[in-house]
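Report on the following structure.
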Amino acid sequence: MPGPAVSFGCIVMVTPGATGVPDTGTIVGIFPPFITAGGLPLATSGSLCMMVNSLSGIPYPLVIGPIASTGVTVGGRALVRMGDCIPSPPGILSVLGPPAAPFVVDQWPP
């Protein structure tokens, strides 16, 4: 889904979560190589999210899966955008926002 790129602090949701119900979290780790917008590194596939289990409240790490933008890649990793739905076990990771820089919009399909 075309949309603005995201960075640290972006809210994400995985459905189904670790125990079956959706879990929410945030992007906490973006690894090199970087591309930046407005001074913030933009998230790519392989970035790290810290999720919180909806039933138990226990946090767990989740790596963003490989399928995101087909047009913008950084070191072979796809750019992650607001509105993307990315297969990331245990389910589908939905990227909710906010965007890192609203003026950076990737129009390529997933």
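The values are calculated or read from the model by the stated rules, or taken from the named source; none is laboratory data. All figures in this text were calculated on a predicted structure; none of them were measured in a lab. Neighbour counts are summed over all protein chains in view; Cβ atoms, including those assigned to glycine, are modelled from backbone coordinates with ideal geometry. SASA here: full protein model, heavy atoms, side chains in, ligands and nucleic acids out. Shrake-Rupley method; radii C 1.70, N 1.55, O 1.52, S 1.80 Å.
A few comments on the model shown:
- The strands (runs of 3 or more DSSP E) falling completely within the chain that include 2 or more residues that are β-branched (Val, Ile, Thr) map to 11-15, 23-29, 91-97.
- Within segment 42-69, being closer than 16 Å to Val104 by Cα and not small (Gly, Ala, Ser) holds for Leu42, Thr44.
- All told, Gly71 falls short of being more than 12 Å from the chain's Cα centre (by Cα), on the phi > 0 side of the Ramachandran plot and surrounded by fewer than 16 Cβ atoms within 10 Å (Cβ to Cβ).
- Flag if Val6 is touching a Gly at 6+ places or on another chain (Cβ under 8 Å) and open to solvent by 70 Å² or more (accessible area, probe 1.4 Å): no
- Residues considered: Thr36, Thr19, Thr15. Of these, the only one that is more than 18 Å from Pro90 (Cα to Cα), open to solvent by 50 Å² or more (accessible area, probe 1.4 Å) and of a type in the set (S, T, N, Q) is Thr36.
- When Val105, Val95, Val52, Val80 are screened for being over 16 Å from Thr15 (Cβ atoms) and either surrounded by 15 or more Cβ atoms within 10 Å (Cβ to Cβ) or touching a Cys at 6+ places or on another chain (Cβ under 6 Å) (or both), only Val80 passes.
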